[in-house]
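Written below as structure tokens is the structure these notes are about.
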Amino acid sequence: MAQKQNKSQPTEVPQEPPQNSETPEEGNAKKEEQEELPPFEIVEGSRIPASSFMFQFKNVEYSSGRNKTLLCYTVERGEGQVFRGYLEDEHVSAHAEEAFFTNVLPQFLTSGPVRVTCYVSSSPCVNCAAAIARCLKRNKTLKLYLVVARLFQWEESEIRGALRAIKSAGCQLQMMKGGDYAHVWQNFVEPDIVLNEEGEVEQKSEEGVFIPWEDLEENARYYEEKLGELLR
């Protein structure tokens, strides 16, 4: 089973062309067009819609259309303090992993040991892996478990090196299995709401329980084997 995925790397903003290369009218038109583009946004919350979870976290062979990354996190601090939430990419200019490890997690690292478990729809790209490694190196009392549904471009040598680097920094990296999916469903997923003909809220009973797809465990074993190979 070969992994094919179109998760994008952060893109660079093109430089302004020389002033004498366009008329003022053309420059103003381009400026207005740029201003109309939606800004990059990291969406945060506590519960993921069930349909989004089932699509983005599915450990399929071909991940066409799964362009965003979803990250569910549990932060455990001393005295039984537990914090949960999730982030997702809204655009391709940055990824949820980098946002979590550079902007969200530091607020929990003020004092004492911290245990963090992240369930992510795919393994990190090179830039996100670098952010994870930096965070681990700066915080020696951080214990990190990264549990991923799919491997992102694992055939690429840079990706392999990046995953080995976060392992060397102390990250425990593993693939999601059936029990992990059930755990995320219970703690991070909000069943989709269905309206009946009268417009009243109606929730299907089967949506309250995680129902695994047919080849979930088979695909998990395949990815687990590949992860073991590339981390050696």
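The values are calculated or read from the model by the stated rules, or taken from the named source; none is laboratory data. A quick note: this is a predicted structure, and the numbers were derived from the prediction, not measured. Heads up: the accessible areas ignore ligands, DNA and RNA and are worked out on the full protein's heavy atoms, side chains in. Shrake-Rupley method; radii C 1.70, N 1.55, O 1.52, S 1.80 Å.
Averaged per residue, what accessible surface does segment 86-141 expose to a 1.4 Å probe, in Å²? Don't skip to the end; give the middle numbers.
On the way: 2120 Å² over 56 residues.
Dividing the accessible area of segment 86-141 by its residue count gives 38 Å².
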Accessible surface ranking that places the most exposed of 155, 225 first, with a 1.4 angstrom probe: 225, 155
Contour excess over end-to-end distance, with Cα ends at residue 217 and residue 231 and 0.36 nm allotted per residue: 3.0 nm
Pairs beyond 23 Å (Cα-Cα), from 143/177; 177/226; 68/177; 68/140; 167/226: 68/140
Coarse-grained scattering of segment 68-166 at q = 0.17, 0.25 Å⁻¹, given as base-10 log I(q)/I(0) from a Debye sum over alpha-carbon atoms: -0.73, -1.47
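Calculate what fraction, in whole %, of the accessible area of segment 88-196 sits on carbon and sulfur atoms when a 1.4 Å probe is rolled over the protein chains. Before the final figure, lay out the partial values.
Values: 2120 of 4470 Å².
With neighbouring chains kept in place, the figure for segment 88-196 is 47 percent.
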Added length on full extension, which subtracts the Cα-Cα distance from 0.36 nm per residue, residue 55 to residue 169: 37.9 nm
